[in-house]
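Here the structure comes first, spelled out in structure tokens, and everything after it is commentary.
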Amino acid sequence: MFADLSDAPPDPILGMAQLFAADPDPRKVDLGIGVYKDDKGDVIVLDTVKKAEQWLVETQASKRYLSSAGNPEYNDRIRALLLPEGSDAHARARTIQTPGGTGALRVAGDFIHRLRPGGRIFLPDPTWANHPALFKAAGVEIVTYPYYDVETGRLRFDDMIAALGALTANDTLLVHGCCHNPSGTDPDTDQWNAIADVLAKTGAMPLVDLAYLGFGDGLEEDRAGINILAAKLPQMIVASSCSKNFALYRERTGALTLVGGTPKQGEAAVGHLLPVVRANYSMPPDHGAAIVAHILGDAALRGEWEIELTGMRTRIQDVRRKLVEALDGRGGRDFSYLAGQNGMFALLGLPVSAVHRLRDTWHIYATDSGRANLAGLTMDNVEHVAEAFASVSQGG
Ligand SMILES: Cc1ncc(COP(=O)(O)O)c(C=O)c1O
């Protein structure tokens with residue numbers, strides 16, 4: 001089976017990480033991999049996570065199996081983090097724990113394929129690089145819809161709504177809940193309402209990928225989109241992740257939330273989802289979920305976590321503003337749109353040749369698509385990055 005295999009192509013992002021690690025230049029900047037970094041460029045463990053881990057070491061009495069739905073306290077607390085307790089949507093929803101946001105999306109793909117075998121999934125153009133592969137692996141046909149104009153740095157909203165007219169009740173619409181990856185550009189309230197109207201008219205299933213809750217404008221603000229959809233629609237699926245907002249990346253902590261037309265429908269839908277999980281990975285790993293459940297369930301720790309989350313969010317907003325200030329007057333591409341966008345990512349709108357000059361001449365690493373993780377900026381490197389962006393966008 002293995003003898004005839006040639007070398008597999010290297011993963012583009014991991015390949016870039018290796019190039020970065022091997023670059024001896026002290027000015028090097030990594031804007032590639034999608035992790036939050038602090039002002040020293042470190043990917044830290046949150047203090048609240050350390051406290052919860054300590055608490056777990058001291059109190060956890062058993063590591064016996066849970067169920068395919070994972071940690072029940074985690075599920076209840078994530079459901080309430082997404083949909084306000086006491087709301088109709090919260091009552092109609094049920095949440096299961098998954099191995100990261102990716103696990104949630106893959107289980108959603110398998111579930112959709114099982115319930116609607118001929119259905120298609122509509123993905124935004126552009127979208128997270130893993131979406132197409134993931135839904136293809138689940139056997140779901142992929143259609144793309146226009147979302148963002150790289151040239152102007154704006155949502156292609158009218159084009160998007162026109163394209164979504166092709167949805168049918170058999171199809172699924174994937175939208176990013178906030179901090180769209182890679183564009184950093186999200187619908188506003190009116191636009192969320194218009195998306196909900198298209199979904200109501202066509203009967204298509206919304207699948208919201210919410211990997212950056214709290215990284216945009218705040219926990220309340222960032223869940224506004226899913227709450228608009230839930231209030232207007234009889235069904236919704238949300239794939240959420242604690243990788244970024246709890247900095248739990250390698251602990252693989254995510255969730256899949258199903259909202260039915262009634263609480264009973266939500267319950268029944270989860271009943272059909274669990275066999276999909278059972279046949280896949282049986283049950284999710286507990287450690288990250290136990291940490292999150294403890295933080296969200298303890299008022300003092302939750303307050304501390306919200307402060308840590310606010311710290312991450314405001315640092316990204318600050319470096320975005322600082323970058324745009326540092327670019328002012330340098331000429332070249334107008335990057336001012338970067339200041340008002342959400343979350344870690346931005347599309348630089350540069351050709352691959354310019355992205356390569358960023359790396360080869362300026363030691364700044366971004367993906368070939370021109371996606372930059374602006375959480376890689378610090379107050380120390382932002383001037384260097386601004387000089388480089390301005391230079392390569394003028395052919396330098
Ligand atoms: C848009 C989007 N969805 C899902 C994920 C998956 O996150 P996780 O690491 O929790 O699997 C990511 C991670 O980068 C993402 O950017």
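Please treat every number below as a calculation from the coordinates, not as lab data. Since we're looking at a predicted model, the values are computed, not measured. Positions of Cβ are backbone-derived with ideal geometry, glycine not excepted, and every protein chain shown enters the neighbour counts.
What the table shows:
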{"item": "Signed unit charges on C-beta, dipole axis of the chain, positive-most listed residue Pro126, Gly101, Asn280", "result": "Asn280"}
{"item": "About the Cα centre, charge dipole magnitude for the stretch 65-297 (Lys/Arg +1, Asp/Glu -1 at Cβ), debye", "result": "880"}
{"item": "For the stretch 245-300 versus the stretch 323-396, the gap between their alpha-carbon centres in whole angstrom", "result": "37"}
{"item": "Long-range tail of P(r) for the chain (Cα pairs > 38 Å, %)", "result": "20"}
{"item": "Per residue convex hull volume, Cα atoms of the stretch 210-313, in Å³", "result": "108"}
{"item": "Farthest positive-ward along the chain dipole, Cα basis, beta-carbon charges - from Ala22, Pro117, Val238", "result": "Pro117"}
{"item": "Two-decimal Rg to Rh for the stretch 259-396 - Kirkwood Rh, Cα set", "result": "1.18"}
{"item": "The chain: calculated mean residue ellipticity at 222 nm from DSSP helix runs of at least 4, using -39500 (n - 2.57)", "result": "-14000 deg cm²/dmol"}
{"item": "Value of Rg/Rh across the stretch 123-273 [Cα atoms, Kirkwood radius]", "result": "0.94"}
{"item": "Top of Gly254, Gly165, Gly266 by mean-square fluctuation, Gaussian network on the chain, Cα under 10 Å", "result": "Gly165"}
{"item": "Over the chain, relative contact order from alpha-carbon pairs under 8 Å, at least 6 apart, %", "result": "24"}
{"item": "Order of Thr202, Thr172 under a 10 Å beta carbon neighbour criterion, fewest first", "result": "Thr202, Thr172"}
{"item": "Rounded tilt (10° steps) of 100-115 against the dominant C-alpha axis of the chain", "result": "50"}
{"item": "Folded to 0 to 90 degrees: helix 189-202 orientation relative to the chain principal axis, Cα", "result": "50"}
{"item": "Simple Cβ-charge dipole of the chain, Lys/Arg +1 and Asp/Glu -1, about Cα centre, in debye nearest 20", "result": "940"}
{"item": "Angle in degrees between helix 352-362 and the longest Cα principal axis of the chain, rounded to the nearest 10", "result": "60"}
{"item": "Fewest-first sequence of Trp305, Trp55, Trp192 by Cβ atoms within 10 Å of each Cβ", "result": "Trp55, Trp192, Trp305"}
{"item": "Length added when fully stretched, Tyr281-Ala80, from 0.36 nm per residue minus Cα-Cα", "result": "69.8 nm"}
{"item": "Residue with peak Gaussian network fluctuation, the chain [Cα springs, cutoff 10 Å], from Val292, Val259, Val352", "result": "Val352"}
{"item": "Relative contact order for the stretch 65-297, counting Cα pairs under 8 Å that sit 6 or more residues apart, in percent", "result": "29"}
{"item": "Gain upon complete extension [Glu141, Val45; 0.36 nm per residue less C-alpha separation]", "result": "30.7 nm"}
{"item": "Phi to ³J(HN,Hα) by Karplus 6.51 cos²θ - 1.76 cosθ + 1.60 over the stretch 205-220, Hz, x for Gly, Pro", "result": "8, x, 10, 9, 8, 10, 9, 10, 4, x, 8, x, 10, x, 4, 5"}
